Amino acid sequence: MKILSITGGAAGTYCGSCLLDNAIATELIARGHEVTLLPLYTPTLTDEPNVSRSVVLFGGISLYLQQYVRLFRSTPRFIDRLMDSPRVIAAFATRMVSTDPQILGEMTVSMLEGTRGVLRKEFDKLAEWLRDEPVPDIVSLPNSLLIALARPLKAALGRPVCCTLQGEDLFLNSLVEPYRSRALELVRQQVQHVDQFVAVSESCAAFMSTYLGIAPERISTAPLGINTTGYQPRDPSENEEFRVGYLARIAPEKGLHVLAEAFRVFRSQVGNARVRLDVAGYLAPNHRSYLADVRKSLEQAGIGGDFAYRGALDREGKIAFLRGLDVLSVPATYDEPKGLFLLEALASGVPVVQPRRGAFVEIVNRTAGGLLVDADDPESLAGGLHALWSDRALREQLGKSGHAGVHGHYTIQHSADRLLDVYGEVAARGRLAPGLVSSGAQARAVASSR
């Protein structure tokens, strides 16, 4: 099968979606499928060999300049090629990332307006790129925020389009008005152009069906999976102290402050026992004060010395970090649809304590690798931590079950199997035109889709 898989770069940072897209593409290529992994916005950063194309479309620098400087909406291609160079983008993307809610809102709406908006030149450049590429059997979009690509891609290629659903509501709901309502309206309007949606969890499928107005039968589920190479359960006797871990983005919605408060309660319950809280994950500049506040709260409680932030970790560092933990908890304050960090911990034989919400429930129940506690409740979370601290046999049992559960349900091979099932069904029923579409027809089709 020939697959055009689009992925969104994250400005030189490790991104769970990028890692997953790359891992899936690697697995499918190993099976003999022809996969073109095409980055948008910026080059992708992965912690495994990167199989994405070196070209970047919808380059972040070009998008920004076209959004705010009218001149750049009609610049010649040689200037565009300079701005879209992966090296140029990589050099400037990180420092150009904006957290201004108005800028984020304007850019999101412009992207969703597609060929009818101010970024239409980027869609023309996509059509030009397609002329020299083999026509795929199916196209995969990484999330519904890129749904504006569905219509022109289908028109250009005559092939069906699938779109992954993986928690875009968190981003959309963070936009300020009027951009939030307009962006959501634009996504809903373009649902019809996608042949099949693929949710990363059952809870995500159920929620997004209502949130985006998608008929349930148009959403398949393909649970996340990880490459388990290198993940081995550690010897539970290795630690001289009980280590509670957190491995995720450092951001309020991921709940580090909830874990810190739970750790304070837990710390008061265990007396002089040696326990600590180790934290790792990407820290955006706008969340540095948040981490500082978390650290300050622990220092004020007199336990600042039991806390450490280990930074963003590559694959080797991540595996080593997990092997040093006795339990992992990322008590997100929203219905997390993915929970990739849980799979990584469980694959390392580390039990988890998670709030009873979102995909956490599915993962913990399916792997039998952890405890579920009340959401947004530090006392309940502290109780879960204490239960594992006080019962070594329980945490060893959960660790073994979790490791086996990931291998039985959540490997990258399982994800690839399910995706191929979905792609095969969609390709069989949804091919828009027999044979290949000529290069000229591609360009005309994109132009006529405006």
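Coordinate-derived values only; no laboratory data. Keep in mind that what you see is a predicted model, and the values were worked out from it rather than measured. Cβ atoms come from the backbone with ideal geometry, glycine included; neighbour counts cover every protein chain shown.
Within region 215-229, is there a residue that is surrounded by 13 or more Cβ atoms within 10 Å (Cβ to Cβ) and of a type in the set (Lys, Arg)? Lay out the reasoning, then the answer.
Residues of region 215-229 surrounded by 13 or more Cβ atoms within 10 Å (Cβ to Cβ): 218-228.
Narrowing the set further to residues that are of a type in the set (Lys, Arg) leaves 218.
So far as region 215-229 goes, yes, one or more of its residues are surrounded by 13 or more Cβ atoms within 10 Å (Cβ to Cβ) and of a type in the set (Lys, Arg).
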Test: residue in region 59-78 that is touching a strand residue (DSSP E or B) at 6+ places or on another chain (Cβ under 9 Å) and over 25 Å from residue 285 (Cα atoms): no
Criterion: buried (at least 23 other Cβ atoms within 10 Å of the Cβ), assigned to a loop (DSSP other than H, G, I, E, B) and either touching a strand residue (DSSP E or B) at 6+ places or on another chain (Cβ under 7 Å) or basic (Lys, Arg) (or both) - qualifying residue of 353, 330: 330
Enumeration of residues in region 127-147 that are more than 23 Å from residue 338 (Cβ to Cβ), of a type in the set (A, V, I, L, M) and crowded, with 21+ Cβ neighbours inside 10 Å: 127, 130
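Residue-wise test of (1) closer than 14 Å to residue 129 by Cβ; (2) part of a helix (DSSP H, G or I); (3) β-branched (Val, Ile, Thr); (4) out of contact with any Phe, Trp or Tyr (no Cβ under 7 Å at 6 or more places or on another chain).
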site: 36; (1), (2), (3), (4): yes, no, yes, yes
site: 48; (1), (2), (3), (4): no, no, no, yes
site: 61; (1), (2), (3), (4): no, yes, yes, no
site: 64; (1), (2), (3), (4): no, yes, no, yes
Residue pairs meeting the criteria (Cβ under 9 Å; at least 6 apart or on separate chains; first closer than 13 Å to residue 257 by Cα, in region 374-392; second acidic (Asp, Glu) and surrounded by fewer than 16 Cβ atoms within 10 Å (Cβ to Cβ)): 381/374
